[in-house]
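The values are calculated or read from the model by the stated rules, or taken from the named source; none is laboratory data. Keep in mind it's a predicted model, so treat the numbers as computed, not measured. Backbone-built Cβ (ideal geometry, glycine too); neighbour counts: all protein chains shown. The area values use the complete protein model at the heavy-atom level, side chains included, leaving out ligands, DNA and RNA. Shrake-Rupley method; radii C 1.70, N 1.55, O 1.52, S 1.80 Å.
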Amino acid sequence: MSLTEKVVLIVGAGRGIGRASALLFAEAGASLVLASRTEGELAELETEIERRYGGDVLSVPTDATNASSVGRLTGEALKRFGRIDTLIYAAGEGVLKPFAETTEEEFERLLNVNVKGAFLVCQSVVPLMEKQKGGHVIALPGILGRAPMAQAAAYCASKYALTGMLKSLALETKRAGVRFSLLHLGGVDSSFWDNITMRVQREKMLSVEAAARAVFFAASQEGEGVLGELVLQPESHQL
Ligand SMILES: NC(=O)c1ccc[n+]([C@@H]2O[C@H](COP(=O)([O-])OP(=O)(O)OC[C@H]3O[C@@H](n4cnc5c(N)ncnc54)[C@H](OP(=O)(O)O)[C@@H]3O)[C@@H](O)[C@H]2O)c1
């Protein structure tokens, strides 16, 4: 199946890596389901895709941390396209600050969107993929879902949890032809960093377009090989 025949669901599509990925998949001719909470950003992206590529796009404002919102998303996607071939879970949030200053509310917020959201979306979408006898889940634990960093305890807790959950799920569903790719990207210059006070050099980070190319590369692997994990770092942080 080429990408032109694929239905790609992007959760976290409104901004950042999800948005840049949506543009790449639209250019390749995939049918797209776009989800995130901010309706205006989805509408703007849908218009942009239709203007540039004339693609088949469905936007569904969705809160990934809410089970009924996720159920509505999957239902609308199925009603429109009848299947979901690729799920990109690009929703997420970051809090990077000293452990002692991290609040309980921040800890819970990170676990909610970075882990529970992925749990709910996978619970809704992966059984469909099993029934279809195929599908591909691409998630973005980032490099902090694989290696620790100072002032990232809460964020690492959520991203290591995401890595562990999806690796377990991959083992559980591999006989049904569901593939999982975990992308461990270093810093990506997106709105993720807008409310982070830690001093970082955004100009040295990966662009959202470079991150989206990695997502697209993972999604484009065909045949017997599965791209299980990919590390992509800015030049300043390689290895
Ligand atoms: N930027 C980096 O340096 C970097 C590096 C490695 C990995 N990552 C990971 O990559 C993913 C995407 O990051 P990004 O840089 O693209 O961040 P971003 O620019 O902040 O975009 C995050 C997207 O997720 C959506 N989102 C947040 N909470 C949501 C929820 N509850 N339900 C549905 N959608 C939700 C946001 O839209 P709404 O707020 O409108 O819902 C937005 O569209 C995240 O998981 C992040 O942890 C980022």
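Charge dipole (Cα centre; +1 on Lys/Arg Cβ, -1 on Asp/Glu Cβ; no other charges) of region 1-135 amounts to roughly 500 debye. Rounded to the nearest whole Hz, the Karplus-based 3J(HN,Hα) values (6.51 cos²θ - 1.76 cosθ + 1.60, θ = phi - 60°) of region 138-146 follow the sequence 10, 10, 10, x, x, 5, 7, x, 9, with x at glycine and proline.
Length available on full extension from K167 to E50: 0.36 nm per residue minus the Cα-Cα distance, which gives 38.6 nm. Taking all protein chains into account, the per residue accessible area for region 1-102 stands at 42 Å² (1.4 Å probe). When the Cα gyration tensor is reduced to axis lengths a ≥ b ≥ c, the ratio a/c is 1.5 or higher for region 54-126, and with a/b above b/c it is classed as prolate. With Cα atoms as the point set, the chain shows a radius of gyration and Dmax of 16.8, 50 Å. Phi angles of region 149-159 translate, via the Karplus equation with coefficients 6.51, -1.76, 1.60 and θ = phi - 60°, into HN-Hα couplings of 8, 4, 6, 10, 4, 5, 5, 4, 4, 6, 7 Hz per residue; Gly and Pro are given as x.
Straight-distance candidates among the aspartates and glutamates for linking to K133, with alpha-carbon spacing under 12 Å and chain neighbours fewer than 8 residues away dropped: D85. Using just the helices of the chain, give the 222 nm mean residue ellipticity in deg cm²/dmol: DSSP H runs with n ≥ 4 each add -39,500 (n - 2.57), and the total is spread over all residues, rounded to 500. That calculation yields -13500 deg cm²/dmol at 222 nm. Across the accessible surface of region 143-239, with the other protein chains kept in place and a 1.4 Å probe, carbon and sulfur atoms take up 53 percent. Ignoring aspartates and glutamates fewer than eight residues from K159 along the same chain, the ones with Cα atoms less than 12 angstrom from its Cα are E93.
Rolling a 1.4 Å probe over the heavy atoms of the protein chains gives region 186-238 an accessible area of 63 Å² per residue.
Dipole magnitude for region 158-230: computed about the Cα centre from +1 point charges on Lys and Arg Cβ and -1 point charges on Asp and Glu Cβ, it is near 220 debye. Between V226 and K131, the FRET efficiency from the beta-carbon distance, with R0 = 22 Å, is close to 0.65. Extension gain for A150 to T197 (0.36 nm times residue separation, less C-alpha to C-alpha distance): 15.5 nm.
Between N66 and K204, the simple spin-label model (points 7 angstrom out along Cα→Cβ) gives 4.1 nm.
The angle between the Cα long axis of helix 39-53 and the longest principal axis of the Cα atoms of the chain comes to about 60 degrees, rounded to the nearest 10.
Pairs exceeding a 28 Å alpha-carbon distance, out of K6/K174; K6/K204; K79/K167; K116/K174: K6/K204; K79/K167. Express in whole angstrom the spacing between the alpha-carbon centres of region 116-166 and region 1-78. Region 116-166 and region 1-78 have Cα centres separated by 19 Å. Stretching the chain fully between Q238 and F99 yields a gain of 47.5 nm (0.36 nm per residue, less the alpha carbon separation).
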